[in-house]
1. Across segment 122-173, what is the number of residues that are free of Cβ contacts under 8 Å to residues at least 40 places away in the same chain, of a type in the set (A, V, I, L, M, F, W, C) and open to solvent by 10 Å² or more (accessible area, probe 1.4 Å)?
2. Which condition does Asn75 not pass, out of (1) open to solvent by 40 Å² or more (accessible area, probe 1.4 Å); (2) part of a helix (DSSP H, G or I); (3) not charged (D, E, K, R), if it passes all the others?
3. If you go through segment 54-87, how many residues are of a type in the set (A, V, I, L, M) and either more than 19 Å from Phe170 (Cα to Cα) or free of Cβ contacts under 8 Å to residues at least 24 places away in the same chain (or both)?
4. Take the residues in segment 14-43 that are outside any loop (DSSP other than H, G, I, E, B) and within 17 Å of Ala126 (Cα to Cα); name whichever of them is most open to solvent (accessible area, probe 1.4 Å).
5. Any idea which of (1) surrounded by fewer than 22 Cβ atoms within 10 Å (Cβ to Cβ); (2) among the acidic types (Asp, Glu); (3) within 17 Å of the chain's Cα centre (by Cα) is the one Asp91 doesn't satisfy?
6. Please work out which one of (1) more than 15 Å from the chain's Cα centre (by Cα); (2) surrounded by fewer than 21 Cβ atoms within 10 Å (Cβ to Cβ); (3) under 17 Å from Val27 (Cβ atoms) is the condition Gly109 fails and give its number.
7. Looking at segment 44-57, which of its residues are open to solvent by 10 Å² or more (accessible area, probe 1.4 Å) and out of contact with any Leu (no Cβ under 6 Å at 6 or more places or on another chain)?
8. Among the numbered criteria (1) in contact with a helix residue (DSSP H, G or I) (Cβ under 9 Å, 6 or more places away or on another chain); (2) under 21 Å from Gln13 (Cβ atoms), which single criterion is violated by Phe230?
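The values are calculated or read from the model by the stated rules, or taken from the named source; none is laboratory data. On a predicted model such as this, the values are computed, not experimentally measured, just so you know. All Cβ positions, even for glycine, are placed from backbone atoms using ideal geometry, and neighbour counts span all protein chains on display. Quick note on the areas: whole protein, heavy atoms, side chains included, nothing else; ligands and nucleic acids left out. Shrake-Rupley method; radii C 1.70, N 1.55, O 1.52, S 1.80 Å.
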Amino acid sequence: MAINVGKANLVEQLELILSLRGSYPIVAIDTEFPGFIRDTPRSATEEERYNDVKHNVDNMHLIQLGVALFDEGGNTPWPGCCWQFNFSDFDPDVDASSPDSIELLAQSGHDFQQYRRHGIDARRCAYLVCVKLFCQPYSSKYVTFHGLYDVAFVIKMITRAPLPNTLNEFADLVRTIFGQIYDLKYISRFCGGLRRGEIGLVVLSRLLNFEPVGIRHQAAYDSLLIGALFNKMKQRRHNIEDDRSASVLYGIENRCVENRRTRRIDRRGWPYARRQQHRLAAMGLAV
(Lines give C-alpha, C1' and ligand atoms only; values in the text may rest on other atoms or scores of the structure.)
Protein backbone atom coordinates (compact mmCIF):
# COMPACT_ATOMS: atom_id res chain seq x y z
CA MET A 1 0.00 0.00 0.00
CA ALA A 2 1.20 3.50 -0.81
CA ILE A 3 2.44 5.64 2.06
CA ASN A 4 0.83 9.07 1.93
CA VAL A 5 3.23 11.78 3.01
CA GLY A 6 2.06 15.12 4.36
CA LYS A 7 3.45 17.74 6.67
CA ALA A 8 2.92 15.58 9.79
CA ASN A 9 5.09 12.65 8.67
CA LEU A 10 7.36 14.30 6.10
CA VAL A 11 10.63 14.13 8.06
CA GLU A 12 9.96 10.59 9.28
CA GLN A 13 9.29 9.23 5.79
CA LEU A 14 12.18 11.08 4.20
CA GLU A 15 14.52 9.55 6.77
CA LEU A 16 13.08 6.11 6.00
CA ILE A 17 13.66 6.61 2.28
CA LEU A 18 17.18 7.84 2.98
CA SER A 19 17.93 4.72 5.02
CA LEU A 20 16.86 2.54 2.07
CA ARG A 21 18.57 4.40 -0.78
CA GLY A 22 21.92 2.64 -0.46
CA SER A 23 20.32 -0.77 -1.04
CA TYR A 24 17.67 0.43 -3.49
CA PRO A 25 19.36 2.98 -5.77
CA ILE A 26 16.82 2.93 -8.63
CA VAL A 27 14.22 5.66 -8.07
CA ALA A 28 11.05 5.62 -10.16
CA ILE A 29 9.17 8.92 -10.14
CA ASP A 30 5.80 10.18 -11.30
CA THR A 31 3.87 13.39 -10.71
CA GLU A 32 0.28 14.55 -10.76
CA PHE A 33 -0.43 18.14 -11.72
CA PRO A 34 -3.49 20.16 -12.81
CA GLY A 35 -3.36 19.36 -16.53
CA PHE A 36 -2.35 21.78 -19.26
CA ILE A 37 -3.33 25.41 -19.70
CA ARG A 38 -1.54 25.51 -23.05
CA ASP A 39 -1.83 22.50 -25.34
CA THR A 40 1.00 21.45 -27.63
CA PRO A 41 0.21 20.22 -31.17
CA ARG A 42 1.84 16.97 -32.26
CA SER A 43 3.58 18.85 -35.07
CA ALA A 44 5.37 21.23 -32.67
CA THR A 45 9.13 21.50 -32.79
CA GLU A 46 11.08 20.55 -29.69
CA GLU A 47 11.68 24.24 -28.92
CA GLU A 48 7.96 24.97 -29.25
CA ARG A 49 7.13 22.00 -27.05
CA TYR A 50 9.56 23.17 -24.39
CA ASN A 51 8.10 26.69 -24.48
CA ASP A 52 4.69 25.17 -23.72
CA VAL A 53 6.18 23.04 -20.94
CA LYS A 54 7.75 26.13 -19.40
CA HIS A 55 4.50 28.11 -19.65
CA ASN A 56 2.47 25.31 -18.05
CA VAL A 57 4.92 24.40 -15.30
CA ASP A 58 5.77 28.00 -14.39
CA ASN A 59 2.07 28.83 -14.01
CA MET A 60 0.83 25.71 -12.20
CA HIS A 61 1.39 23.96 -8.88
CA LEU A 62 2.49 20.37 -8.34
CA ILE A 63 -0.20 18.25 -6.67
CA GLN A 64 1.61 14.99 -5.99
CA LEU A 65 5.03 13.38 -6.34
CA GLY A 66 5.26 9.59 -6.39
CA VAL A 67 8.44 7.68 -5.53
CA ALA A 68 9.23 3.97 -5.61
CA LEU A 69 12.61 2.37 -4.83
CA PHE A 70 14.12 -0.70 -6.52
CA ASP A 71 17.38 -2.58 -6.49
CA GLU A 72 19.16 -3.79 -9.63
CA GLY A 73 17.15 -7.01 -9.52
CA GLY A 74 13.83 -5.18 -9.55
CA ASN A 75 13.10 -5.83 -5.87
CA THR A 76 11.38 -3.27 -3.64
CA PRO A 77 12.02 -2.89 0.11
CA TRP A 78 8.67 -4.67 0.70
CA PRO A 79 5.76 -5.63 -1.56
CA GLY A 80 3.87 -2.60 -2.81
CA CYS A 81 6.40 -0.17 -1.34
CA CYS A 82 5.86 3.35 -2.69
CA TRP A 83 5.32 6.87 -1.40
CA GLN A 84 3.21 9.78 -2.54
CA PHE A 85 4.04 13.27 -1.39
CA ASN A 86 0.87 15.36 -1.28
CA PHE A 87 1.38 19.11 -1.67
CA SER A 88 -0.81 21.85 -0.29
CA ASP A 89 -0.01 24.57 -2.82
CA PHE A 90 -2.75 23.85 -5.37
CA ASP A 91 -6.16 25.41 -4.78
CA PRO A 92 -8.65 24.20 -7.42
CA ASP A 93 -10.87 27.21 -6.78
CA VAL A 94 -8.31 29.81 -7.76
CA ASP A 95 -5.25 28.24 -9.40
CA ALA A 96 -4.70 27.56 -13.10
CA SER A 97 -5.84 24.10 -14.17
CA SER A 98 -7.57 22.06 -16.83
CA PRO A 99 -11.15 21.21 -15.73
CA ASP A 100 -11.00 17.80 -17.43
CA SER A 101 -7.78 16.94 -15.60
CA ILE A 102 -9.18 18.02 -12.25
CA GLU A 103 -12.27 15.88 -12.80
CA LEU A 104 -10.11 12.88 -13.72
CA LEU A 105 -7.94 13.32 -10.64
CA ALA A 106 -11.00 13.67 -8.40
CA GLN A 107 -12.43 10.45 -9.86
CA SER A 108 -9.09 8.77 -9.12
CA GLY A 109 -9.41 9.57 -5.42
CA HIS A 110 -7.59 12.87 -5.05
CA ASP A 111 -8.97 15.03 -2.24
CA PHE A 112 -7.69 18.54 -2.95
CA GLN A 113 -9.11 20.05 0.22
CA GLN A 114 -7.43 17.34 2.29
CA TYR A 115 -4.16 18.17 0.58
CA ARG A 116 -4.72 21.86 1.32
CA ARG A 117 -5.16 21.12 5.03
CA HIS A 118 -2.55 18.43 5.59
CA GLY A 119 -0.22 18.48 2.58
CA ILE A 120 3.34 19.73 2.22
CA ASP A 121 4.09 23.35 1.41
CA ALA A 122 6.39 22.80 -1.58
CA ARG A 123 7.94 26.25 -1.31
CA ARG A 124 8.89 25.78 2.33
CA CYS A 125 9.87 22.10 2.16
CA ALA A 126 11.43 21.86 -1.29
CA TYR A 127 14.97 21.94 0.07
CA LEU A 128 14.31 19.12 2.54
CA VAL A 129 12.48 16.96 -0.01
CA CYS A 130 15.07 17.42 -2.72
CA VAL A 131 18.12 16.88 -0.53
CA LYS A 132 16.70 13.58 0.72
CA LEU A 133 15.38 12.37 -2.62
CA PHE A 134 17.79 13.75 -5.21
CA CYS A 135 21.09 14.65 -3.53
CA GLN A 136 22.44 11.39 -2.19
CA PRO A 137 25.94 9.98 -2.81
CA TYR A 138 24.64 6.71 -4.23
CA SER A 139 24.93 5.63 -7.86
CA SER A 140 21.28 6.42 -8.34
CA LYS A 141 19.28 5.86 -11.49
CA TYR A 142 15.98 7.61 -12.05
CA VAL A 143 13.18 6.15 -14.13
CA THR A 144 10.08 7.84 -15.52
CA PHE A 145 7.55 7.36 -18.30
CA HIS A 146 6.91 10.19 -20.77
CA GLY A 147 8.65 12.15 -18.08
CA LEU A 148 9.18 15.62 -19.54
CA TYR A 149 6.61 17.25 -17.27
CA ASP A 150 7.55 15.11 -14.26
CA VAL A 151 11.17 16.19 -14.57
CA ALA A 152 10.22 19.82 -15.24
CA PHE A 153 8.12 20.03 -12.07
CA VAL A 154 10.89 18.47 -9.99
CA ILE A 155 13.45 20.91 -11.42
CA LYS A 156 11.15 23.82 -10.63
CA MET A 157 10.81 22.53 -7.06
CA ILE A 158 14.56 21.99 -6.64
CA THR A 159 15.62 25.38 -8.02
CA ARG A 160 12.63 27.23 -6.53
CA ALA A 161 12.57 29.31 -9.70
CA PRO A 162 10.89 29.37 -13.12
CA LEU A 163 12.25 26.95 -15.67
CA PRO A 164 15.15 28.22 -17.80
CA ASN A 165 14.31 30.21 -20.90
CA THR A 166 16.05 27.90 -23.37
CA LEU A 167 15.76 24.22 -24.12
CA ASN A 168 19.56 23.88 -24.03
CA GLU A 169 19.73 25.11 -20.45
CA PHE A 170 16.86 22.84 -19.45
CA ALA A 171 18.53 19.80 -21.02
CA ASP A 172 21.73 20.62 -19.15
CA LEU A 173 19.84 20.85 -15.85
CA VAL A 174 18.30 17.45 -16.50
CA ARG A 175 21.78 15.95 -16.86
CA THR A 176 23.13 17.84 -13.85
CA ILE A 177 20.33 17.04 -11.40
CA PHE A 178 19.33 13.54 -12.44
CA GLY A 179 22.47 12.12 -14.04
CA GLN A 180 21.24 8.76 -15.26
CA ILE A 181 17.54 9.10 -15.96
CA TYR A 182 15.63 6.72 -18.22
CA ASP A 183 12.35 7.55 -19.93
CA LEU A 184 10.53 4.30 -20.70
CA LYS A 185 8.44 5.83 -23.47
CA TYR A 186 11.62 6.79 -25.30
CA ILE A 187 13.36 3.49 -24.55
CA SER A 188 10.41 1.42 -25.77
CA ARG A 189 11.01 2.90 -29.22
CA PHE A 190 14.01 0.55 -29.52
CA CYS A 191 12.38 -2.56 -28.06
CA GLY A 192 10.75 -5.07 -30.37
CA GLY A 193 7.02 -5.57 -29.97
CA LEU A 194 6.40 -2.26 -28.15
CA ARG A 195 4.99 -0.34 -31.12
CA ARG A 196 8.04 1.92 -31.37
CA GLY A 197 7.04 3.72 -28.19
CA GLU A 198 3.73 5.10 -29.46
CA ILE A 199 1.88 3.73 -26.43
CA GLY A 200 0.73 4.80 -22.99
CA LEU A 201 1.72 3.35 -19.63
CA VAL A 202 -1.25 0.97 -19.37
CA VAL A 203 -0.72 -0.42 -22.87
CA LEU A 204 2.99 -0.88 -22.15
CA SER A 205 2.13 -2.91 -19.05
CA ARG A 206 -0.21 -5.11 -21.11
CA LEU A 207 2.38 -5.68 -23.80
CA LEU A 208 4.85 -6.74 -21.11
CA ASN A 209 2.23 -8.98 -19.44
CA PHE A 210 2.39 -7.08 -16.18
CA GLU A 211 -0.69 -6.51 -14.05
CA PRO A 212 -0.68 -3.06 -12.40
CA VAL A 213 -1.63 -2.69 -8.74
CA GLY A 214 -3.30 0.27 -7.07
CA ILE A 215 -5.18 3.18 -8.61
CA ARG A 216 -4.18 4.85 -11.85
CA HIS A 217 -3.37 8.57 -11.69
CA GLN A 218 -2.16 8.22 -8.10
CA ALA A 219 1.50 9.15 -8.33
CA ALA A 220 2.81 6.49 -5.96
CA TYR A 221 1.19 3.58 -7.78
CA ASP A 222 2.22 4.94 -11.17
CA SER A 223 5.82 5.24 -9.97
CA LEU A 224 5.66 1.66 -8.68
CA LEU A 225 4.38 0.51 -12.08
CA ILE A 226 7.08 2.48 -13.91
CA GLY A 227 9.84 0.88 -11.85
CA ALA A 228 8.41 -2.61 -12.32
CA LEU A 229 8.16 -2.12 -16.09
CA PHE A 230 11.76 -0.88 -16.19
CA ASN A 231 12.81 -4.19 -14.67
CA LYS A 232 10.61 -6.12 -17.10
CA MET A 233 12.19 -4.29 -20.02
CA LYS A 234 15.68 -5.04 -18.68
CA GLN A 235 14.79 -8.74 -18.60
CA ARG A 236 13.47 -8.54 -22.13
CA ARG A 237 16.22 -6.37 -23.62
CA HIS A 238 19.31 -6.37 -21.46
CA ASN A 239 20.98 -3.26 -22.88
CA ILE A 240 18.20 -0.71 -22.28
CA GLU A 241 20.58 1.12 -19.95
CA ASP A 242 23.12 1.81 -22.69
CA ASP A 243 24.39 5.27 -23.56
CA ARG A 244 21.73 5.71 -26.21
CA SER A 245 18.98 5.70 -23.56
CA ALA A 246 20.46 7.63 -20.63
CA SER A 247 19.34 11.22 -19.96
CA VAL A 248 16.99 11.36 -22.96
CA LEU A 249 13.40 12.51 -22.42
CA TYR A 250 10.63 11.67 -24.87
CA GLY A 251 9.47 14.80 -26.67
CA ILE A 252 12.83 16.55 -26.59
CA GLU A 253 14.92 13.53 -27.45
CA ASN A 254 16.81 15.08 -30.35
CA ARG A 255 18.00 17.99 -28.24
CA CYS A 256 18.93 15.71 -25.34
CA VAL A 257 21.02 13.50 -27.64
CA GLU A 258 22.65 16.50 -29.30
CA ASN A 259 23.45 18.18 -25.98
CA ARG A 260 24.93 15.00 -24.59
CA ARG A 261 27.17 14.61 -27.63
CA THR A 262 28.33 18.20 -28.08
CA ARG A 263 27.88 20.14 -24.84
CA ARG A 264 29.99 20.01 -21.72
CA ILE A 265 27.99 21.01 -18.66
CA ASP A 266 29.50 24.36 -17.77
CA ARG A 267 26.86 26.89 -16.88
CA ARG A 268 29.08 29.58 -15.37
CA GLY A 269 28.75 31.87 -18.37
CA TRP A 270 24.93 31.74 -18.58
CA PRO A 271 22.92 34.26 -16.53
CA TYR A 272 20.14 31.81 -15.68
CA ALA A 273 22.48 29.00 -14.75
CA ARG A 274 24.77 31.30 -12.76
CA ARG A 275 21.81 32.12 -10.50
CA GLN A 276 20.88 28.45 -10.19
CA GLN A 277 24.48 27.38 -9.54
CA HIS A 278 24.30 28.77 -5.99
CA ARG A 279 21.06 26.92 -5.27
CA LEU A 280 22.33 23.65 -6.71
CA ALA A 281 25.71 23.95 -4.99
CA ALA A 282 23.98 24.38 -1.63
CA MET A 283 22.28 21.04 -2.20
CA GLY A 284 25.39 19.26 -3.47
CA LEU A 285 24.06 19.04 -7.03
CA ALA A 286 26.35 21.29 -9.01
CA VAL A 287 29.07 19.83 -11.21
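1. Going through segment 122-173 one residue at a time, the tally reaches 0.
2. So Asn75 meets the others, but not (2).
3. Initial filter on segment 54-87 (of a type in the set (A, V, I, L, M)): 57, 60, 62-63, 65, 67-69.
Still in the running and either more than 19 Å from Phe170 (Cα to Cα) or free of Cβ contacts under 8 Å to residues at least 24 places away in the same chain (or both): 63, 65, 67-69.
The qualifying residues number 5.
4. If we filter segment 14-43 for residues that are outside any loop (DSSP other than H, G, I, E, B), which is where we start, we get 14-21, 26-32.
Going one step further and asking which of them are within 17 Å of Ala126 (Cα to Cα), we end up with 14-15, 17-18, 29-32.
On the way: Leu14: 2, Glu15: 82, Ile17: 1, Leu18: 38, Ile29: 2, Asp30: 16, Thr31: 8, Glu32: 17 Å².
Looking at residues that are outside any loop (DSSP other than H, G, I, E, B) and within 17 Å of Ala126 (Cα to Cα), I get Glu15.
5. Checking Asp91 against (1) surrounded by fewer than 22 Cβ atoms within 10 Å (Cβ to Cβ); (2) among the acidic types (Asp, Glu); (3) within 17 Å of the chain's Cα centre (by Cα), the one that fails is (3).
6. For Gly109, the exception is condition (3).
7. Our first condition is that a residue be open to solvent by 10 Å² or more (accessible area, probe 1.4 Å); within segment 44-57, this holds for 44-49, 51-52, 54-55.
Of everything in segment 44-57, those that are open to solvent by 10 Å² or more (accessible area, probe 1.4 Å) and out of contact with any Leu (no Cβ under 6 Å at 6 or more places or on another chain) turn out to be Ala44, Thr45, Glu46, Glu48, Arg49, Asn51, Asp52, His55.
8. The failed condition is (2).
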